[in-house]
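The values are calculated or read from the model by the stated rules, or taken from the named source; none is laboratory data. Remember, predicted model here, so these are calculated numbers, not experimental data. No Cβ is skipped: glycine too gets one built from the backbone with ideal geometry, and neighbour counts run over all protein chains shown. To get the accessible areas, we keep the full protein, side chains included, count just its heavy atoms, and leave off ligands, DNA and RNA. Shrake-Rupley method; radii C 1.70, N 1.55, O 1.52, S 1.80 Å.
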Amino acid sequence: MPNHRHIDSRAAGRQLLTGHRELRAQLSSLRAALTGLDGAGGVAAVRAAGADPSLAEQLRTRCLEYCLGLHHHHTMEDGAFGIFEERIPEIAPVIERLREEHRQVAAGLDRLRKLLDSDDGQDVTWLREELERTVSGIEDHFVYEETYLLPALGVTASDRPS
Ligand SMILES: [Fe+2]
Ligand SMILES: [Fe+2]
């Protein structure tokens, strides 16, 4: 087991970017899957989800997977933040803001997971709105991390995954 104090900051920063890319793709695909449940064409999709428990179950599962992925991403970051702070004390205020945002996201994820657990599994028409509420600040959080944390870790524009 490698000593985590020996982690390479730049590699950790690149891993963070890869995580953001994956989470953005996952959220965008989940939104697309849920879009049929409201707005134009929504009625047919709602009927389809109501009539087809496997479709409703798929959407629930995908939503839970996204929540879990985001939770793991933030847990990994929280584990590294203390090390970054020791190495680069001047970014302490940035890290403190990020930690607080992680706490807020964690509370939202808990709430959404509880809603999914207590739902009867048939009607998922509420899911899109609740998902949007849960992730409302997540893009700003990613951008803040990429703008203020990554340069301090030595990650440059050329490190960005295409
Ligand atoms: Fe984060
Ligand atoms: Fe992140």
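Return only the number of the condition from (1) touching a residue at least 12 places away in the same chain (Cβ under 8 Å); (2) more than 12 Å from ligand 2 (Cβ to nearest atom); (3) not basic (Lys, Arg) that Tyr144 does not satisfy. It fails just one condition, (2). Hey, among Glu129, Glu101, Glu86, Glu139, which residue is over 19 Å from Gln26 (Cα atoms) and open to solvent by 40 Å² or more (accessible area, probe 1.4 Å)? Only one candidate passes the filter, namely Glu86.
Output the residue which, of all residues in segment 68-83 that are hydrophobic (A, V, I, L, M, F, W, C) and away from ligand 1 (no atom under 11 Å from the Cβ), is surrounded by the fewest Cβ atoms within 10 Å (Cβ to Cβ).
First, pick out the residues of segment 68-83 that are hydrophobic (A, V, I, L, M, F, W, C): 68, 70, 76, 80-81, 83.
Subset that is away from ligand 1 (no atom under 11 Å from the Cβ): 68, 83.
Numbers: Leu68: 12, Ile83: 15.
The extreme case among them is Leu68.
With respect to Asp110, is the statement that it is open to solvent by 20 Å² or more (accessible area, probe 1.4 Å), within 16 Å of ligand 2 (Cβ to nearest atom) and assigned to a helix (DSSP H, G or I) true? For Asp110, the condition - open to solvent by 20 Å² or more (accessible area, probe 1.4 Å), within 16 Å of ligand 2 (Cβ to nearest atom) and assigned to a helix (DSSP H, G or I) - is not met.
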